[in-house]
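Trainee: My structure is below; once you've seen it, I'll send some questions.
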Amino acid sequence: MLDFKTPIMKQACLLNIIIALIFSSSLKAQDPDIQKYNNYIGINAGYTSGLGFTYGYWPGKLGAQISILPISTDENTLYSVSLTPFFAFHRSQYFKGYVFLGNHFVSNKNDTEYNIGFGPGFEAGSRVVFSLRGGIGLFDVTDTFCILPTIGAGLYFKF
């Protein structure tokens with residue numbers, strides 16, 4: 001499980017809280033004809049945007065999603081938690097272009113990592129939405145830091 005007692009983990013948690021507060025205080029509804037559905041649930045898989053079950057709120061240009069995947073068996077344990085804010089630079093009824101900032105904590109029996117990623121992405125669809133994003137990832141920033149390309153995808157239902 002994640003150890004939040006180390007200074008770097010405390011700083012990473014504080015960074016996520018600050019990002020969430022900034023984005024949640026800036027969220028406001030925009031043109032209802034462009035985007036009728038502000039909430040979504042689904043599944044997400046991304047190195048820096050998280051793994052698992054996802055809830056998102058995106059009422060206008062700014063939005064955010066949280067993804068969670070807890071798996072624990074006798075042989076293996078995997079915990080994945082992420083918070084990913086978004087900024088839409090293009091919106092229409094069936095397409096959205098955006099940039100993202102992924103924050104992903106992942107832990108298993110042998111390792112704990114904190115990964116950050118940013119880059120462009122898009123989503124297509126009206127009620128059932130497919131999302132694809134890519135960019136640069138800063139992997140395992142608390143230990144063996146490396147910079148690599150990152151990719152993520154999601155399938156969501158808007159309501």
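Trainee: Only sites in a loop by DSSP and with at most 16 other Cβ atoms within 10 Å count here; which trypsin sites (Lys or Arg not before Pro) in region 100-159 make the cut?
Mentor: For trypsin sites (Lys or Arg not before Pro) across region 100-159 that sit outside H, G, I, E and B with at most 16 neighbouring Cβ atoms in 10 Å, the list reads K109, R127.
Trainee: Let me ask you something else. Quick check: convex hull over the Cα atoms of region 74-159, volume per residue in Å³, rounded to an integer?
Mentor: Hull volume normalised by residue count: 106 Å³.
Trainee: What FRET efficiency comes out for Y94 versus F145 if R0 is 41 angstrom and r is the Cβ-Cβ distance? Round to the nearest 0.05.
Mentor: 0.55
Trainee: What list of ³J(HN,Hα) couplings, whole Hz, do you get for region 116-123 from phi and the Karplus terms 6.51, -1.76, 1.60, once you set θ to phi - 60° and write x for glycine and proline?
Mentor: 10, x, 8, x, x, x, 8, 9
No lab work stands behind these numbers, since they all come straight from the coordinates. Treat the numbers as computed from the prediction; the structure is a model and nothing was measured. Backbone-built Cβ (ideal geometry, glycine too); neighbour counts: all protein chains shown.
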